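Comments concern the structure below.
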Amino acid sequence: MDKVFLRMKKEVREIQEGLARIVVPMGSLISEPHSKLPAFYNPKMRNNRDIAVLFTISQGVRKIGEPMAGTGVRSIRIILENGNIEEAFINDLKREAVKFIRENLRLNHIGRNTARVTRLEANLFNIIHSLPGNRVEYLDLDPYGTPAPFIYSSIMALRKRGVLAVTATDTFTLKGFKPETALARYGVKIFKNIFPSEVAVRTLLYYISRAAASLEYGIEPLAAYTQRHYVRVYVRILRGPGKAKESQKRVGYITLCDHCPFWKISDEEFREERCPFCSSKLRIMGPLWIGVLKDNETISRILDTRGEAYWIEEESWKILRRIAGEIDTVGYYDIPLLASKLRRSPPSMSEVISSLRERGFKVSRTVFSTTGVKTDAPLRELVGSFNP
């Protein structure tokens, strides 16, 4: 440990995460992490970083970029646990964070030939890497708050068919609890709804798709989920105006009933309608990403590595299994909430799933809610599986 960290001995702690040994600010371990820490580290994001490592392995990534690296733990873990990284560009604007990154690289015996450390504003870092020859195969954007100001430059920093991984922690906005902020920040009209976690993901994917389209790129979602206080998406960037147009066909609207759990999707703007289930007024949310949220082959490939990646936490594998098991439909039904609206006793999840499958419908649990199900069954059929 260098002289700076020896003087800070009471303020830092060395910990193990995955295969990496890292020095982190003591404050991040004894209280909620905040932006005033000398370098940002959130122990509750371990699963987020676990899955990031697995994604780089599954995609055969060799060149990575991280514009907001904090202590550098994510990039360091990817270097150590991927095993095939040739170049890692690790950046943070904070002077203290850069010191933590350099110390953590030293602790893990990672040399300058592999890891290049810079102290730049995140957009400037991305723009530098948008130059031919500087682009990366995988860029991990993990800001404190909204990622919106950094999406355009992040897309530009990626090679052809590169993967953009994005974390957003402004979940209240993305879920629809702050409609005015959502409209200003992401260009969508959303409000409090019955599947907020999925709306959060579809809002973020819409924004990424629009940013990509303006650069004549399309997107292919590889995985998306919500966990605790954050939203996480992995997106492959596809170059060409044709790909951009194809992606925009996956943008649409969700119409919801004000009174009951009915909703439907549409690729057109709202027309005045009444709910076919209860005749109440309908409201529109959008534009949103209404395409698929995952690539089944990618998720399957990741799950196949479980026997080798022994250091990955069980909770991370659980998230991935839940993603893999989801059917590709828009929206989900929260069973206790639905029962409450219907004024009926809620059946068990297994009863609902069995009942719908017996009648030939697709149904699965969802990564967005521990009490939710996804199904292609009409609402009346779902209600039929509830007790009187």
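Any read-out appearing in this document is the output of simple, stated calculations on the displayed coordinates, not a laboratory observation. Note that the structure is a prediction, hence the values are computed from the model and not measured. Please note: Cβ atoms are built from the backbone with ideal geometry, for glycine as well, and neighbour counts cover all protein chains shown.
Given a cut-off of under 8 Å on Cα pairs at least six residues apart, what relative contact order in percent is computed for the chain? Show your work: numbers first, answer last.
On the way: 780 pairs, mean separation 41.8, N = 388.
11 percent.
May I ask which of K318/K374; K245/K362; K44/K178; K175/K374 have a Cα-Cα span longer than 22 Å here? Beyond 22 Å between Cα atoms: K245/K362; K44/K178. Of the GluC sites (Glu not before Pro) in region 278-373, the ones in a loop by DSSP (not H, G, I, E or B) with at most 16 other beta carbons within 10 Å are E308, E313.
Extension gain, E11-R321: 0.36 nm per intervening residue step, less the Cα-Cα distance, totals 107.8 nm.
Apply the a/c threshold of 1.5 to the C-alpha gyration tensor of the chain and tell me whether it is rounded, prolate or oblate. Walk me through the numbers on the way to the answer.
Details: a/c = 2.01, a/b = 1.71, b/c = 1.17.
Prolate, because a/c is 1.5 or more and a/b exceeds b/c.
Per DSSP H run of n ≥ 4, the term is -39500 (n - 2.57); total these for the chain, divide by its residue number, and report the mean residue ellipticity at 222 nm rounded to 500 deg cm²/dmol. Only helices count here, giving -10000 deg cm²/dmol.
Work out the length of the dipole vector of region 332-388 about its Cα centre, built from +1 on the beta-carbon of each Lys and Arg and -1 on the beta-carbon of each Asp and Glu, and round it to the nearest 20 debye. Could the numbers behind the result be given before it?
Details: 9 positive and 5 negative charges, 19 e Å.
Magnitude of the dipole: close to 100 debye.
Give, in nm to one decimal, the length gained when the segment between H109 and E246 is fully stretched (0.36 nm per residue of separation minus the Cα-Cα distance). Walk me through the numbers on the way to the answer.
Details: separation 137, 0.36 × 137 = 49.32 nm, distance 4.49 nm.
Contour length minus the Cα-Cα distance gives 44.8 nm.
Cβ-Cβ distance of E314 and S350, R₀ of 22 Å, FRET efficiency by 1/(1 + (r/R0)^6): the value works out to about 0.50.
Provide the convex hull volume over Cα atoms per residue for region 332-388, in Å³. Write out the running numbers ahead of the final one.
On the way: hull volume 3.9 nm³, N = 57.
Spelled out: Cα convex hull of region 332-388, divided by residues, is 69 Å³.
Distance from the C-alpha centroid of region 54-107 to that of region 278-332: 26 Å, rounded to the whole angstrom. Distances between placed amide hydrogens fall under 5 Å for V12 paired with M26, all partners being 5 or more residues away or on another chain.
When we measure straight from the Cα of K63, which aspartates and glutamates land under 19 angstrom away, once same-chain ones fewer than 8 places off are left out? The qualifying aspartates and glutamates are D50, E81, E86, E87, D92, E137, D140, D142. In a DSSP loop and with at most 14 other Cβ atoms within 10 Å, the trypsin sites (Lys or Arg not before Pro) in region 162-270 are K192, R228, K249.
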